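Report on the structure given below.
Each value in this text was obtained by applying a stated rule to the coordinates, not by laboratory testing. Bear in mind the structure is a predicted one, so any value in this text is a computation, not a measurement. Every residue, glycine as well, gets a Cβ built from its backbone with ideal geometry; the counts of neighbours run over all protein chains shown.
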Amino acid sequence: MESKEKTPNHDLSPMRCPVNLDDVDLFSPGAQEHWYEAYDILHRESPVHRIPGEGSTPEHDGFILTKYDDISMVVKDPVRFPPGMSGAIDDMLAQGKKPEEMPHVNAMMASIMTLRPSIELWRSHRQELTDPWVGPGAGRHEEMIKQAANDLIDNWIDKGEVEFISEFARPLPQMVMANVLGLPYSDIPRLAEWGNAQVMAFVYGKGHRNELTEEQLVEQFKLLDGFKEYVHEKVQEKRANPADDMISFLCDVKYEALDRKLTDMEINGVVYAMLIGGLETTQYALEEQAQLLCERDGIFAEVQADRKKLRHFTEEAMRLRSPTQGLSTRLTSQDEVFQGVKVPKGSILHLRWAAANIDEEEFECPHQLQLDRKAVSRHLTFSAGPRVCPGAGISRLEQITAWNCLLDRIDSLAYAPGNTFEHQPGIMLGTLKLHLKFDKAK
Ligand code: HEM
């Protein structure tokens, strides 16, 4: 099949493609079209890049870290590099404030204050409450994911063409999370709207901290208005008629770390976390994987012939095109030096996972997709250490299962006409549309 061409999308950006360090700007509108060019410049010239006045106070600075070793060390040491919100949470707890009394504290933040204010409790929260459903225990969902993927493929398999995002990559994680939580498919449009409101900061937020304006925050809370009542209703339903789903489990489970059950508000916080993390991220992974299969010679045939290689393929794809490109989530609790650059106490660290994942000091030929790369899952796409993404298990399973189903049913994949490859704004790497053509398997 022809059409391996990918139109260069630099022209779609109001920003010009960086050629030297002065041009590098990862956060202004249109930066998405040039991220990977910028990472090469940062690695060469400024692997620890200062953002003046953007630290924990106006007197402090922000620093973009792009080296694998630096980020890996930071995420594994929560004492030297505490999460940005931990200070605020400690202050609120010290003042005896209740989460529901605080302005602009969403359900997830509120539940963090009561269920996991310390790193030990953060770990227990993952192990006891989310691991059985979206972490190592996600294997229980394999058949359900297969069914959901095949149902979606049925809708377009006879057409020879598909807009892959709206007809597969977006709805699949939505169906999976609805199933995991025990919510009906008919509620997906509402869940998707709430999910969009929750991730507003990561799409429309300004600068490296993804800050929303006061008006946007008000708008966000308005959009989330019905969410609390909705989860409350579902919790009542599940308490009356428990089923084999995550919300029923959360209603009943004794949280051993605190020796008690969860309140309705805490369940709301966990459900909030599952939606904010679980809806969009995997969409971007699937969509970039489809692009890599169109672009990289021989990979489609190789993974189709040997499905064991799908694990390597999905890991390499997440390394090369990290869905969450970077987050400003850690502080320095003491003076530090990274790559010879002094980073004072009180600085905010912007961890650029996507750049670390193509660091040539860690990954040989970093821009190549190698199906035989050693220790293929050591990339930092899901972060690492005690605060590692709790949904990595289900996301990985979704990706492998999705491609297994797709490869059973198509014999080729290529770009169809009409793609601009324009990326959505914000911190996630995702194109807005992706038109593909394929041959149905014989
Ligand atoms: C390819 C898909 C995904 C990527 C790239 C991704 C990436 C990340 C990253 C980088 C973090 C920050 C960790 C840190 O600060 O050290 C994170 C946190 C988080 N992720 Fe994911 N994630 C993905 C899928 C999911 C899924 C499917 C879920 C839910 C089922 C999820 C739920 C969360 C939550 C709730 C957090 C916040 C931390 C916590 O509450 O423990 N993620 N994720």
Legend entry - Glu362 paired with Leu93, simple spin-label distance in nm, labels 7 Å along Cα-to-beta-carbon: 2.9 nm
Legend entry - Stretchable slack from Glu219 to Asp25, in nm (0.36 nm times residue separation minus alpha-carbon distance): 67.1 nm
Legend entry - Values of log10 I(q)/I(0), in the order q = 0.11, 0.12, 0.13, 0.17 Å⁻¹, for segment 166-296 under a Debye, Cα-only, solvent-free model: -0.47, -0.56, -0.64, -0.98
Inset, instruction - Express the relative contact order of the chain as a whole percentage, based on alpha carbon pairs under 8 Å and six or more residues apart in sequence. - result: 28 percent
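Can you pull out the GluC sites (Glu not before Pro) in segment 284-369 whose DSSP state is coil and whose Cβ has at most 13 other Cβ atoms within 10 Å?
Details: sites: Glu287, Glu288, Glu295, Glu302, Glu315, Glu316, Glu336, Glu360, Glu361, Glu362, Glu364; in loops: Glu360, Glu361, Glu362, Glu364.
Answer in residue order: Glu360, Glu361, Glu364.
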Legend entry - DSSP-assigned coil residues among GluC sites (Glu not before Pro) in segment 18-92, each with at most 14 further Cβ atoms within 10 Å: Glu59
Legend entry - Compactness index (Cα Rg / 2.2 N^0.38 Å), the chain: 0.97
Legend entry - Charge tally in the Cβ shell below 10 Å around Asp335, where Lys, Arg are +1 and Asp, Glu are -1, Asp335 excluded: +1
Legend entry - trypsin sites (Lys or Arg not before Pro) within segment 333-408: DSSP coil, no more than 15 neighbouring Cβ in 10 Å: Lys345, Lys374
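In segment 163-204, how does Rg compare with the Kirkwood Rh, expressed as the Rg/Rh ratio over alpha carbon atoms?
Taking Rg over the Kirkwood Rh, I get 1.00.
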Inset, instruction - For the chain, give the magnitude of the charge dipole about the Cα centre (Cβ charges: +1 Lys/Arg, -1 Asp/Glu; no others), in debye to the nearest 20. - result: 840 debye
Inset, instruction - Using +1 at the Cβ of each Lys and Arg and -1 at the Cβ of each Asp and Glu in the chain, identify which of Ile119, Ala355, Met92 lies farthest towards the dipole's positive end. - result: Ile119
Inset, instruction - Mind scanning Lys309/Lys342; Lys67/Lys146; Lys261/Lys308; Lys98/Lys254; Lys206/Lys374 and naming the pairs with a C-alpha gap bigger than 31 Å? - result: Lys309/Lys342; Lys67/Lys146; Lys261/Lys308; Lys206/Lys374
Legend entry - Calculated FRET efficiency for the pair Leu432/Gln334, C-beta based, R₀ 45 Å, to 0.05: 0.60
Legend entry - Dipole of segment 101-237, positive end: most advanced residue of Phe164, Gly139, Leu181 [Cβ charges, Cα centre]: Gly139
Inset, instruction - Please work out whether segment 132-223 counts as rounded, prolate or oblate from its C-alpha gyration tensor, where a ≥ b ≥ c are the square roots of the eigenvalues and a/c under 1.5 means rounded, while otherwise a/b larger than b/c means prolate and anything else oblate? - result: prolate
Inset, instruction - Neighbouring Cβ atoms within 10 Å as the yardstick, rank Met318, Met109 fewest first. - result: Met109, Met318
